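Peer 1: One structure, pasted below without further comment.
The values are calculated or read from the model by the stated rules, or taken from the named source; none is laboratory data. Here the structure is a predicted model, which is why all the values come from computation and not from measurement. For neighbour counting, all protein chains shown are included, and Cβ atoms are generated from backbone atoms with ideal geometry for every residue, glycine included. Protein only, heavy atoms only, side chains kept; ligands, DNA and RNA dropped before computing areas. Shrake-Rupley method; radii C 1.70, N 1.55, O 1.52, S 1.80 Å.
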Amino acid sequence: MKVIVLGSSHGGYEAVRQILMDAPDTEIQWYEKGDFISFLSCGMQLYLEGVVKHVNDVSYAKPDQARKDGVDVFVKQEITAINPADHTVHVVNHNDGSERDESYDKLIMSPGAVPADLPVDGEGLDNIYKMRGRDWAIKLKEKTVDPSVKDVVVIGSGYIGIEAAEVFAKAGMHVSIVEFNERLLGLYLDQEFTDTLTQVMKAHNVDFYGSQAVSAYKGENGKVTAAVTSKGVELPADLVVEAAGIRPNTKWLDGVVELDDHGLVKVNDANQTSEPDIYAVGDATLVPFAPTGGKSRIALATNARRQGRNAAMNALGQKHAMVPVSGSSALSVFDYKFASTGLKEGTAGKFGVKTMSTVVKDTFRPPFVPDAAGNAEVLFKLTYDPESHVVLGGQVMSTQDATQNMNVISLAIQAKMTVEDLAYADFFFQPGFDRPWNVVNVAAQQALEDLK
Ligand code: FAD
(Lines give C-alpha, C1' and ligand atoms only; values in the text may rest on other atoms or scores of the structure.)
Protein backbone atom coordinates (compact mmCIF):
# COMPACT_ATOMS: atom_id res chain seq x y z
CA MET A 1 0.00 0.00 0.00
CA LYS A 2 1.12 3.56 -0.70
CA VAL A 3 0.11 6.35 1.69
CA ILE A 4 0.77 10.01 0.98
CA VAL A 5 0.92 12.27 4.05
CA LEU A 6 0.51 16.02 3.50
CA GLY A 7 1.97 18.40 6.09
CA SER A 8 4.83 17.86 8.50
CA SER A 9 3.45 19.49 11.62
CA HIS A 10 1.69 17.69 14.47
CA GLY A 11 -1.01 15.90 12.48
CA GLY A 12 1.19 14.75 9.62
CA TYR A 13 4.02 13.72 11.93
CA GLU A 14 1.77 11.47 14.02
CA ALA A 15 0.19 9.89 10.95
CA VAL A 16 3.65 8.91 9.69
CA ARG A 17 4.64 7.56 13.11
CA GLN A 18 1.54 5.42 13.45
CA ILE A 19 2.00 3.88 10.00
CA LEU A 20 5.64 3.12 10.79
CA MET A 21 4.57 1.41 14.01
CA ASP A 22 1.64 -0.60 12.63
CA ALA A 23 2.64 -1.31 9.04
CA PRO A 24 6.34 -0.52 8.49
CA ASP A 25 6.28 -2.01 4.99
CA THR A 26 3.87 0.66 3.78
CA GLU A 27 5.27 2.98 1.12
CA ILE A 28 5.02 6.43 2.75
CA GLN A 29 5.54 9.70 0.91
CA TRP A 30 5.61 12.70 3.25
CA TYR A 31 5.20 16.20 1.81
CA GLU A 32 6.02 19.58 3.34
CA LYS A 33 5.73 22.74 1.26
CA GLY A 34 7.90 24.79 3.62
CA ASP A 35 11.68 24.45 3.86
CA PHE A 36 11.67 22.81 7.30
CA ILE A 37 10.10 19.66 8.71
CA SER A 38 7.98 19.80 11.86
CA PHE A 39 8.59 23.26 13.29
CA LEU A 40 6.86 23.42 16.69
CA SER A 41 5.01 26.73 17.11
CA CYS A 42 4.17 25.57 20.64
CA GLY A 43 7.86 26.00 21.48
CA MET A 44 8.21 29.41 19.85
CA GLN A 45 8.01 31.37 23.11
CA LEU A 46 10.89 29.34 24.54
CA TYR A 47 12.98 30.27 21.49
CA LEU A 48 11.97 33.94 21.53
CA GLU A 49 12.87 34.20 25.22
CA GLY A 50 16.24 32.56 24.62
CA VAL A 51 15.56 29.37 26.60
CA VAL A 52 16.01 27.36 23.41
CA LYS A 53 18.97 28.82 21.56
CA HIS A 54 18.49 27.80 17.94
CA VAL A 55 15.30 28.07 15.92
CA ASN A 56 15.89 24.69 14.26
CA ASP A 57 15.88 22.99 17.66
CA VAL A 58 12.18 23.86 18.02
CA SER A 59 11.23 20.70 16.22
CA TYR A 60 10.55 17.06 16.93
CA ALA A 61 11.28 15.29 13.65
CA LYS A 62 14.43 15.19 11.60
CA PRO A 63 14.04 14.34 7.90
CA ASP A 64 17.16 12.15 8.03
CA GLN A 65 15.67 9.98 10.78
CA ALA A 66 12.41 9.64 8.85
CA ARG A 67 14.40 8.63 5.75
CA LYS A 68 16.29 6.05 7.81
CA ASP A 69 12.89 4.70 8.83
CA GLY A 70 12.08 4.24 5.15
CA VAL A 71 9.89 7.30 4.62
CA ASP A 72 10.26 9.28 1.36
CA VAL A 73 10.46 12.83 2.72
CA PHE A 74 9.83 15.69 0.31
CA VAL A 75 10.70 19.13 1.67
CA LYS A 76 9.76 22.31 -0.24
CA GLN A 77 7.39 20.20 -2.30
CA GLU A 78 3.77 21.26 -2.34
CA ILE A 79 0.70 19.24 -3.15
CA THR A 80 -1.30 21.75 -5.19
CA ALA A 81 -4.17 19.60 -6.46
CA ILE A 82 -5.85 16.27 -5.75
CA ASN A 83 -7.74 14.08 -8.15
CA PRO A 84 -9.75 11.64 -6.00
CA ALA A 85 -11.21 9.83 -9.01
CA ASP A 86 -7.87 8.51 -10.18
CA HIS A 87 -6.17 8.69 -6.74
CA THR A 88 -3.41 11.12 -7.71
CA VAL A 89 -1.96 14.32 -6.31
CA HIS A 90 -0.16 17.04 -8.24
CA VAL A 91 3.16 18.04 -6.73
CA VAL A 92 5.11 21.25 -7.32
CA ASN A 93 8.75 20.91 -6.35
CA HIS A 94 9.83 24.38 -5.20
CA ASN A 95 13.47 23.28 -5.12
CA ASP A 96 13.75 23.17 -8.92
CA GLY A 97 10.34 24.26 -10.25
CA SER A 98 9.49 20.82 -11.62
CA GLU A 99 6.00 19.34 -11.40
CA ARG A 100 4.70 15.78 -11.36
CA ASP A 101 1.75 13.59 -10.42
CA GLU A 102 1.96 10.91 -7.73
CA SER A 103 -0.54 8.14 -7.07
CA TYR A 104 -1.81 7.07 -3.66
CA ASP A 105 -3.94 4.33 -2.16
CA LYS A 106 -4.67 6.50 0.90
CA LEU A 107 -4.05 10.21 1.42
CA ILE A 108 -3.80 11.75 4.91
CA MET A 109 -3.87 15.55 4.93
CA SER A 110 -2.89 17.84 7.79
CA PRO A 111 -2.84 21.15 5.91
CA GLY A 112 -3.26 23.20 9.08
CA ALA A 113 -4.20 26.82 9.31
CA VAL A 114 -2.71 30.25 8.76
CA PRO A 115 -3.10 33.36 10.93
CA ALA A 116 -6.15 35.41 9.97
CA ASP A 117 -5.53 38.66 8.10
CA LEU A 118 -7.37 41.63 9.57
CA PRO A 119 -9.30 43.68 7.01
CA VAL A 120 -8.31 47.11 8.36
CA ASP A 121 -6.70 50.18 6.80
CA GLY A 122 -2.93 50.04 6.97
CA GLU A 123 -2.73 46.24 7.16
CA GLY A 124 0.01 46.30 4.49
CA LEU A 125 2.43 48.47 6.51
CA ASP A 126 5.80 47.08 7.57
CA ASN A 127 6.33 45.68 11.07
CA ILE A 128 2.90 44.07 11.29
CA TYR A 129 3.76 40.48 12.15
CA LYS A 130 2.06 37.17 12.87
CA MET A 131 3.13 34.44 15.27
CA ARG A 132 3.05 31.01 13.67
CA GLY A 133 5.70 28.86 12.06
CA ARG A 134 9.46 29.09 11.71
CA ASP A 135 9.68 32.10 9.37
CA TRP A 136 7.72 34.34 11.73
CA ALA A 137 9.73 32.98 14.68
CA ILE A 138 12.95 34.20 13.06
CA LYS A 139 11.49 37.63 12.28
CA LEU A 140 10.01 38.05 15.76
CA LYS A 141 13.30 37.05 17.36
CA GLU A 142 15.05 39.91 15.55
CA LYS A 143 12.51 42.34 17.01
CA THR A 144 13.09 41.15 20.57
CA VAL A 145 16.60 42.66 20.40
CA ASP A 146 15.85 45.63 18.14
CA PRO A 147 16.48 48.83 20.16
CA SER A 148 14.13 50.81 17.90
CA VAL A 149 11.18 48.77 19.17
CA LYS A 150 9.80 50.45 22.27
CA ASP A 151 6.05 49.93 21.90
CA VAL A 152 4.44 46.69 20.82
CA VAL A 153 0.73 46.24 20.14
CA VAL A 154 -0.65 42.70 20.24
CA ILE A 155 -4.01 42.07 18.60
CA GLY A 156 -5.87 39.24 20.30
CA SER A 157 -5.53 37.79 23.79
CA GLY A 158 -5.84 34.07 23.25
CA TYR A 159 -2.83 32.04 24.34
CA ILE A 160 -0.81 33.09 21.27
CA GLY A 161 -1.39 36.81 21.94
CA ILE A 162 -0.54 36.36 25.62
CA GLU A 163 2.69 34.54 24.70
CA ALA A 164 3.63 37.39 22.32
CA ALA A 165 2.87 40.01 24.99
CA GLU A 166 4.98 38.21 27.57
CA VAL A 167 7.92 37.78 25.19
CA PHE A 168 8.13 41.49 24.39
CA ALA A 169 7.42 42.66 27.94
CA LYS A 170 10.26 40.43 29.16
CA ALA A 171 12.44 41.97 26.44
CA GLY A 172 11.84 45.36 28.09
CA MET A 173 9.19 46.79 25.78
CA HIS A 174 5.85 48.37 26.59
CA VAL A 175 3.00 46.19 25.32
CA SER A 176 -0.65 46.99 24.65
CA ILE A 177 -3.14 44.20 24.00
CA VAL A 178 -6.27 44.94 21.98
CA GLU A 179 -9.04 42.37 22.47
CA PHE A 180 -12.51 42.14 20.96
CA ASN A 181 -13.87 40.34 24.05
CA GLU A 182 -14.25 42.00 27.43
CA ARG A 183 -11.61 39.91 29.16
CA LEU A 184 -8.23 38.52 28.18
CA LEU A 185 -8.03 34.74 27.73
CA GLY A 186 -11.84 34.74 27.83
CA LEU A 187 -12.13 31.42 25.97
CA TYR A 188 -9.86 29.72 28.49
CA LEU A 189 -10.66 31.20 31.87
CA ASP A 190 -13.54 32.80 33.76
CA GLN A 191 -13.40 36.17 35.43
CA GLU A 192 -12.06 35.04 38.85
CA PHE A 193 -8.88 34.08 37.02
CA THR A 194 -8.62 36.75 34.35
CA ASP A 195 -9.03 39.65 36.80
CA THR A 196 -5.84 38.53 38.53
CA LEU A 197 -4.01 37.94 35.26
CA THR A 198 -4.97 41.38 33.92
CA GLN A 199 -3.38 42.93 37.02
CA VAL A 200 -0.32 40.72 36.68
CA MET A 201 0.10 41.84 33.08
CA LYS A 202 -0.29 45.49 34.08
CA ALA A 203 2.42 45.08 36.72
CA HIS A 204 4.71 43.85 33.94
CA ASN A 205 4.11 46.80 31.61
CA VAL A 206 1.34 45.14 29.58
CA ASP A 207 -1.85 47.22 29.22
CA PHE A 208 -5.11 45.56 28.28
CA TYR A 209 -7.74 47.20 26.03
CA GLY A 210 -10.82 44.96 26.11
CA SER A 211 -14.18 45.19 24.27
CA GLN A 212 -12.59 46.81 21.22
CA ALA A 213 -11.16 45.73 17.92
CA VAL A 214 -8.33 47.23 15.93
CA SER A 215 -9.92 49.46 13.30
CA ALA A 216 -6.86 50.91 11.50
CA TYR A 217 -3.10 51.11 11.51
CA LYS A 218 -1.27 54.41 11.05
CA GLY A 219 2.18 54.62 9.54
CA GLU A 220 5.09 56.72 8.39
CA ASN A 221 7.56 55.87 5.61
CA GLY A 222 5.74 52.58 5.06
CA LYS A 223 6.18 51.44 8.68
CA VAL A 224 3.47 51.09 11.28
CA THR A 225 3.50 53.77 14.00
CA ALA A 226 0.17 53.23 15.76
CA ALA A 227 -2.88 51.00 16.06
CA VAL A 228 -6.27 52.69 16.38
CA THR A 229 -9.06 50.80 18.13
CA SER A 230 -12.81 50.81 17.53
CA LYS A 231 -13.12 52.93 20.69
CA GLY A 232 -10.87 55.55 19.11
CA VAL A 233 -7.87 54.77 21.32
CA GLU A 234 -4.58 55.35 19.49
CA LEU A 235 -1.79 53.10 20.68
CA PRO A 236 1.80 53.80 19.65
CA ALA A 237 3.35 50.84 17.86
CA ASP A 238 6.83 50.10 16.52
CA LEU A 239 5.68 46.52 16.07
CA VAL A 240 2.26 44.91 15.83
CA VAL A 241 1.74 41.19 16.42
CA GLU A 242 -1.58 39.98 15.06
CA ALA A 243 -2.86 36.93 16.92
CA ALA A 244 -6.57 37.28 16.24
CA GLY A 245 -7.57 33.85 15.05
CA ILE A 246 -6.69 31.47 12.29
CA ARG A 247 -8.07 30.49 8.90
CA PRO A 248 -7.96 26.86 7.71
CA ASN A 249 -5.61 26.33 4.78
CA THR A 250 -8.30 24.68 2.71
CA LYS A 251 -9.39 27.03 -0.10
CA TRP A 252 -7.50 24.86 -2.55
CA LEU A 253 -9.52 21.82 -1.39
CA ASP A 254 -12.87 23.33 -2.35
CA GLY A 255 -14.58 20.91 -4.73
CA VAL A 256 -12.20 18.09 -3.80
CA VAL A 257 -13.63 17.19 -0.39
CA GLU A 258 -16.64 18.63 1.43
CA LEU A 259 -15.92 21.75 3.48
CA ASP A 260 -18.21 23.42 6.02
CA ASP A 261 -19.21 27.11 6.03
CA HIS A 262 -15.96 28.03 7.82
CA GLY A 263 -13.85 26.19 5.27
CA LEU A 264 -13.10 23.31 7.65
CA VAL A 265 -12.82 19.85 6.11
CA LYS A 266 -15.77 17.69 7.11
CA VAL A 267 -14.60 14.43 8.69
CA ASN A 268 -16.26 11.50 10.47
CA ASP A 269 -15.00 9.78 13.62
CA ALA A 270 -12.41 7.95 11.52
CA ASN A 271 -11.14 11.34 10.26
CA GLN A 272 -12.30 10.27 6.83
CA THR A 273 -13.44 13.02 4.47
CA SER A 274 -16.28 12.87 1.93
CA GLU A 275 -13.77 10.97 -0.24
CA PRO A 276 -13.34 7.56 1.45
CA ASP A 277 -9.60 7.26 0.71
CA ILE A 278 -8.77 10.79 1.86
CA TYR A 279 -8.39 11.58 5.55
CA ALA A 280 -8.02 15.02 7.15
CA VAL A 281 -6.76 16.00 10.58
CA GLY A 282 -5.60 18.97 12.63
CA ASP A 283 -6.49 22.65 12.64
CA ALA A 284 -8.33 22.30 9.32
CA THR A 285 -11.01 20.10 10.93
CA LEU A 286 -13.47 19.94 13.83
CA VAL A 287 -12.93 17.58 16.78
CA PRO A 288 -15.47 15.61 18.82
CA PHE A 289 -16.05 17.66 21.98
CA ALA A 290 -16.46 15.49 25.08
CA PRO A 291 -18.46 17.89 27.31
CA THR A 292 -21.31 18.26 24.80
CA GLY A 293 -21.02 15.18 22.59
CA GLY A 294 -21.02 17.53 19.58
CA LYS A 295 -18.17 18.81 17.43
CA SER A 296 -16.04 21.84 18.13
CA ARG A 297 -13.25 23.85 16.60
CA ILE A 298 -10.26 23.57 18.92
CA ALA A 299 -6.92 24.31 17.29
CA LEU A 300 -4.45 22.46 19.47
CA ALA A 301 -1.45 20.30 18.73
CA THR A 302 -2.82 17.71 21.14
CA ASN A 303 -5.90 17.26 18.98
CA ALA A 304 -3.97 17.19 15.70
CA ARG A 305 -1.73 14.46 17.12
CA ARG A 306 -4.60 12.27 18.24
CA GLN A 307 -6.35 12.75 14.92
CA GLY A 308 -3.16 11.96 12.98
CA ARG A 309 -2.87 8.62 14.78
CA ASN A 310 -6.58 7.96 14.32
CA ALA A 311 -6.52 8.70 10.58
CA ALA A 312 -3.49 6.46 10.08
CA MET A 313 -5.07 3.54 11.95
CA ASN A 314 -8.23 3.82 9.86
CA ALA A 315 -6.29 4.25 6.62
CA LEU A 316 -4.53 0.97 7.48
CA GLY A 317 -7.90 -0.73 7.83
CA GLN A 318 -8.18 -0.72 11.63
CA LYS A 319 -11.52 0.42 13.02
CA HIS A 320 -10.82 3.24 15.44
CA ALA A 321 -12.80 6.32 16.47
CA MET A 322 -11.28 9.68 17.40
CA VAL A 323 -11.38 10.01 21.18
CA PRO A 324 -13.55 12.98 22.25
CA VAL A 325 -11.42 15.85 23.59
CA SER A 326 -12.08 18.75 25.93
CA GLY A 327 -9.70 21.48 24.75
CA SER A 328 -7.33 21.00 27.67
CA SER A 329 -4.57 23.59 27.66
CA ALA A 330 -2.09 25.24 30.00
CA LEU A 331 -0.04 28.41 29.96
CA SER A 332 2.11 30.55 32.20
CA VAL A 333 1.57 34.28 32.54
CA PHE A 334 4.69 35.63 34.22
CA ASP A 335 4.67 33.99 37.69
CA TYR A 336 1.25 32.39 37.28
CA LYS A 337 0.50 29.02 35.75
CA PHE A 338 -2.98 28.10 34.71
CA ALA A 339 -4.78 25.30 32.92
CA SER A 340 -8.33 24.72 31.86
CA THR A 341 -10.45 22.09 30.19
CA GLY A 342 -14.00 21.65 28.96
CA LEU A 343 -16.74 24.20 29.49
CA LYS A 344 -16.37 27.48 31.33
CA GLU A 345 -19.16 29.71 32.62
CA GLY A 346 -18.05 32.16 29.94
CA THR A 347 -18.37 29.69 27.06
CA ALA A 348 -21.17 27.32 28.15
CA GLY A 349 -23.88 29.61 26.73
CA LYS A 350 -22.36 29.34 23.25
CA PHE A 351 -22.89 25.58 23.45
CA GLY A 352 -26.40 25.94 24.88
CA VAL A 353 -25.43 24.00 27.98
CA LYS A 354 -26.71 24.79 31.49
CA THR A 355 -23.89 24.67 34.01
CA MET A 356 -23.17 25.25 37.66
CA SER A 357 -19.72 25.92 39.11
CA THR A 358 -17.92 25.77 42.41
CA VAL A 359 -14.82 27.83 43.15
CA VAL A 360 -12.38 26.93 45.91
CA LYS A 361 -9.18 28.50 47.15
CA ASP A 362 -6.73 26.32 48.98
CA THR A 363 -3.07 26.18 49.71
CA PHE A 364 -0.95 23.92 47.55
CA ARG A 365 0.39 21.97 50.55
CA PRO A 366 -0.70 21.72 54.23
CA PRO A 367 -0.85 25.07 56.07
CA PHE A 368 2.19 24.26 58.26
CA VAL A 369 4.44 24.29 55.17
CA PRO A 370 5.92 27.82 54.88
CA ASP A 371 5.18 29.86 51.75
CA ALA A 372 8.88 30.10 51.08
CA ALA A 373 9.06 26.32 50.84
CA GLY A 374 6.52 26.36 48.06
CA ASN A 375 3.04 26.69 49.45
CA ALA A 376 1.19 29.15 47.28
CA GLU A 377 -2.56 29.57 46.99
CA VAL A 378 -4.40 27.52 44.37
CA LEU A 379 -7.59 28.81 42.75
CA PHE A 380 -9.72 25.99 41.37
CA LYS A 381 -13.07 26.00 39.59
CA LEU A 382 -15.15 22.93 38.84
CA THR A 383 -18.02 23.18 36.34
CA TYR A 384 -20.76 20.55 36.14
CA ASP A 385 -24.29 19.82 35.02
CA PRO A 386 -26.67 20.96 37.82
CA GLU A 387 -29.12 18.14 37.04
CA SER A 388 -26.95 15.09 36.38
CA HIS A 389 -23.88 16.39 38.28
CA VAL A 390 -21.72 15.21 35.36
CA VAL A 391 -18.38 17.04 35.28
CA LEU A 392 -18.15 19.48 32.33
CA GLY A 393 -15.03 21.55 32.92
CA GLY A 394 -12.35 22.89 35.20
CA GLN A 395 -9.88 25.73 35.65
CA VAL A 396 -6.89 26.03 37.94
CA MET A 397 -4.34 28.76 38.62
CA SER A 398 -1.46 29.24 41.03
CA THR A 399 2.08 30.55 41.13
CA GLN A 400 2.93 26.89 41.69
CA ASP A 401 2.37 24.27 39.10
CA ALA A 402 -1.05 22.80 39.82
CA THR A 403 -1.87 22.44 36.14
CA GLN A 404 -1.80 18.63 36.01
CA ASN A 405 -5.08 18.63 37.91
CA MET A 406 -6.73 19.63 34.65
CA ASN A 407 -5.71 16.33 33.09
CA VAL A 408 -7.69 14.66 35.88
CA ILE A 409 -10.72 16.80 35.05
CA SER A 410 -10.29 16.11 31.34
CA LEU A 411 -10.32 12.39 32.04
CA ALA A 412 -13.38 12.81 34.28
CA ILE A 413 -15.19 14.60 31.43
CA GLN A 414 -14.21 11.91 28.95
CA ALA A 415 -15.43 9.18 31.34
CA LYS A 416 -18.62 11.16 32.08
CA MET A 417 -17.84 11.08 35.79
CA THR A 418 -19.96 12.99 38.28
CA VAL A 419 -19.13 15.36 41.11
CA GLU A 420 -19.92 12.45 43.47
CA ASP A 421 -17.28 10.33 41.72
CA LEU A 422 -14.61 13.00 42.23
CA ALA A 423 -15.49 13.95 45.81
CA TYR A 424 -13.87 10.89 47.35
CA ALA A 425 -11.71 9.67 44.46
CA ASP A 426 -8.35 8.25 45.50
CA PHE A 427 -5.51 10.75 45.09
CA PHE A 428 -2.17 10.55 46.88
CA PHE A 429 -1.12 12.76 49.79
CA GLN A 430 2.39 13.66 50.80
CA PRO A 431 3.16 17.09 52.32
CA GLY A 432 6.01 17.54 49.87
CA PHE A 433 3.47 17.48 47.07
CA ASP A 434 -0.08 18.31 48.14
CA ARG A 435 -2.72 18.27 50.87
CA PRO A 436 -4.50 15.32 52.50
CA TRP A 437 -7.41 16.08 50.23
CA ASN A 438 -6.31 16.87 46.72
CA VAL A 439 -7.78 20.13 45.39
CA VAL A 440 -9.98 18.09 43.01
CA ASN A 441 -11.51 16.31 46.04
CA VAL A 442 -11.91 19.63 47.84
CA ALA A 443 -13.72 21.26 44.92
CA ALA A 444 -15.99 18.27 44.33
CA GLN A 445 -16.87 18.00 48.03
CA GLN A 446 -17.73 21.70 48.06
CA ALA A 447 -19.77 21.22 44.89
CA LEU A 448 -21.85 18.57 46.68
CA GLU A 449 -22.58 21.14 49.40
CA ASP A 450 -23.45 23.77 46.77
CA LEU A 451 -25.83 21.32 45.09
CA LYS A 452 -27.81 20.67 48.32
P1 FAD B 1 -0.01 23.14 11.04
O2 FAD B 1 0.82 23.22 12.26
O3 FAD B 1 -0.64 24.38 10.54
O4 FAD B 1 0.90 22.55 9.89
C5 FAD B 1 0.49 22.29 8.59
C6 FAD B 1 1.73 21.96 7.78
O7 FAD B 1 1.34 21.52 6.49
C8 FAD B 1 2.63 23.18 7.57
O9 FAD B 1 3.96 22.82 7.86
C10 FAD B 1 2.41 23.52 6.11
O11 FAD B 1 3.55 24.13 5.51
C12 FAD B 1 2.13 22.16 5.50
N13 FAD B 1 1.30 22.20 4.30
C14 FAD B 1 0.11 22.85 4.17
N15 FAD B 1 -0.40 22.67 2.94
C16 FAD B 1 0.48 21.89 2.27
C17 FAD B 1 0.51 21.36 0.96
N18 FAD B 1 -0.49 21.61 0.11
N19 FAD B 1 1.56 20.59 0.58
C20 FAD B 1 2.57 20.33 1.46
N21 FAD B 1 2.61 20.82 2.72
C22 FAD B 1 1.56 21.59 3.12
N23 FAD B 1 -1.06 23.70 20.68
C24 FAD B 1 -0.94 22.97 21.82
O25 FAD B 1 -1.56 21.91 21.94
N26 FAD B 1 -0.14 23.41 22.84
C27 FAD B 1 0.57 24.56 22.77
O28 FAD B 1 1.32 24.91 23.70
C29 FAD B 1 0.46 25.35 21.58
N30 FAD B 1 1.14 26.51 21.46
C31 FAD B 1 1.07 27.22 20.28
C32 FAD B 1 1.80 28.40 20.18
C33 FAD B 1 1.74 29.14 19.01
C34 FAD B 1 2.53 30.41 18.91
C35 FAD B 1 0.96 28.68 17.92
C36 FAD B 1 0.89 29.45 16.63
C37 FAD B 1 0.22 27.51 18.02
C38 FAD B 1 0.27 26.77 19.21
N39 FAD B 1 -0.48 25.58 19.36
C40 FAD B 1 -0.38 24.86 20.53
C41 FAD B 1 -1.37 25.10 18.27
C42 FAD B 1 -0.66 24.10 17.38
O43 FAD B 1 0.54 24.63 16.92
C44 FAD B 1 -1.57 23.73 16.22
O45 FAD B 1 -2.79 23.27 16.71
C46 FAD B 1 -0.90 22.64 15.38
O47 FAD B 1 0.28 23.14 14.80
C48 FAD B 1 -1.82 22.14 14.28
O49 FAD B 1 -1.14 21.17 13.55
P50 FAD B 1 -1.58 20.83 12.07
O51 FAD B 1 -0.83 19.59 11.69
O52 FAD B 1 -3.05 20.81 11.97
O53 FAD B 1 -1.16 22.07 11.16
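Peer 1: Which percent of the accessible heavy-atom area of the chain goes to carbon and sulfur, probe 1.4 angstrom?
Peer 2: C and S atoms contribute 51 percent here.
Peer 1: Also: log10 I(q)/I(0), Debye, Cα-only segment 1-104, no solvent, q = 0.11, 0.15, 0.23 Å⁻¹?
Peer 2: With no solvent term, the Cα-only Debye profile gives -0.38, -0.66, -1.23.
Peer 1: Continuing with the same structure: Please work out how much accessible surface Asp117 shows to a 1.4 Å probe, ignoring ligands, DNA and RNA, in Å² rounded to 10.
Peer 2: 100
Peer 1: In terms of Cα to Cα distance under 18 Å, which aspartates and glutamates are near enough to Lys223, apart from those fewer than 8 places away along the same chain?
Peer 2: Answer for Lys223, where 18 Å is the Cα cut-off: Asp117, Asp121, Glu123, Asp126, Glu142, Asp146, Asp151, Glu234, Asp238, Glu242, listed by chain and number.
Peer 1: Measuring from centroid to centroid over Cα atoms, what is the spacing of segment 21-62 and segment 204-250 in Å?
Peer 2: So the two Cα centres are separated by 30 Å.
Peer 1: Express the relative contact order of the chain as a whole percentage, based on alpha carbon pairs under 8 Å and six or more residues apart in sequence.
Peer 2: Answer for the chain is 13 percent.
Peer 1: Taking the C-alpha atoms of segment 305-439, how large are the radius of gyration and the largest Cα-Cα span, Dmax, in Å?
Peer 2: Calculated on Cα positions, Rg and Dmax stand at 17.1, 57 Å.
Peer 1: For segment 22-176, what is the accessible area per residue in Å² when the probe is 1.4 Å?
Peer 2: Accessible area per residue, segment 22-176: 45 Å².
Peer 1: When the Debye formula is applied to the Cα atoms of the chain, each taken as the same point scatterer, what base-10 log of I(q)/I(0) results at q = 0.07, 0.09, 0.12 Å⁻¹?
Peer 2: Ignoring solvent entirely, the Cα scatterers give -0.39, -0.66, -1.13.
Peer 1: Kirkwood Rh over alpha-carbon pairs of segment 135-204, then Stokes-Einstein at 20 °C and 1.002 mPa s: what D in µm² s⁻¹, rounded to an integer?
Peer 2: 169
Peer 1: Additional query: Ignoring everything except DSSP H segments at least 4 long, calculate the 222 nm mean residue ellipticity for the chain; use -39,500 (n - 2.57) per segment, divide by total residues, nearest 500.
Peer 2: After summing the helix terms and dividing by the residues of the chain, the value is -7000 deg cm²/dmol.
Peer 1: To continue, here is another question. Once you put a point 7 Å from the Cα of Asp96 and another 7 Å from the Cα of Ser274, both along the Cβ direction, what distance in nm separates them?
Peer 2: Roughly 3.8 nm, to one decimal.
Peer 1: When N is the residue count of segment 336-389, what does its C-alpha Rg come to as a fraction of 2.2 N^0.38 Å?
Peer 2: Normalised Rg, Cα atoms only: 1.49.
Peer 1: List, in the order given, every pair from Lys143/Lys202; Lys344/Lys416; Lys141/Lys170 whose Cα-Cα distance in the structure shown is over 20 Å.
Peer 2: Over 20 Å Cα-Cα: Lys143/Lys202.
Peer 1: Something else: Give the ranking of Lys141, Lys452, Lys295, Lys2 by solvent-accessible surface, highest area first, calculated with a 1.4 Å probe.
Peer 2: Ranking Lys141, Lys452, Lys295, Lys2 by accessible area, largest first, yields Lys452, Lys295, Lys141, Lys2.
Peer 1: With a bin width of 10 angstrom, please list the P(r) values of segment 314-363 as percents of all Cα-Cα pairs, from the 0 bin to the one holding the largest distance.
Peer 2: 16, 33, 28, 16, 6, 0
Peer 1: For segment 152-265, what size does the Cα cloud have along each of its three principal axes, sorted from largest down, in whole Å?
Peer 2: 50, 43, 28
Peer 1: Regarding segment 376-452, what are the three Cα extents along the principal axes, ordered largest first, in Å?
Peer 2: 37, 20, 18
Peer 1: Also, quick follow-up: Given a Förster distance of 35 Å, report the FRET efficiency between Thr196 and His320 from their Cβ-Cβ distance, rounded to the nearest 0.05.
Peer 2: Working from the Cβ atoms, E equals 0.25.
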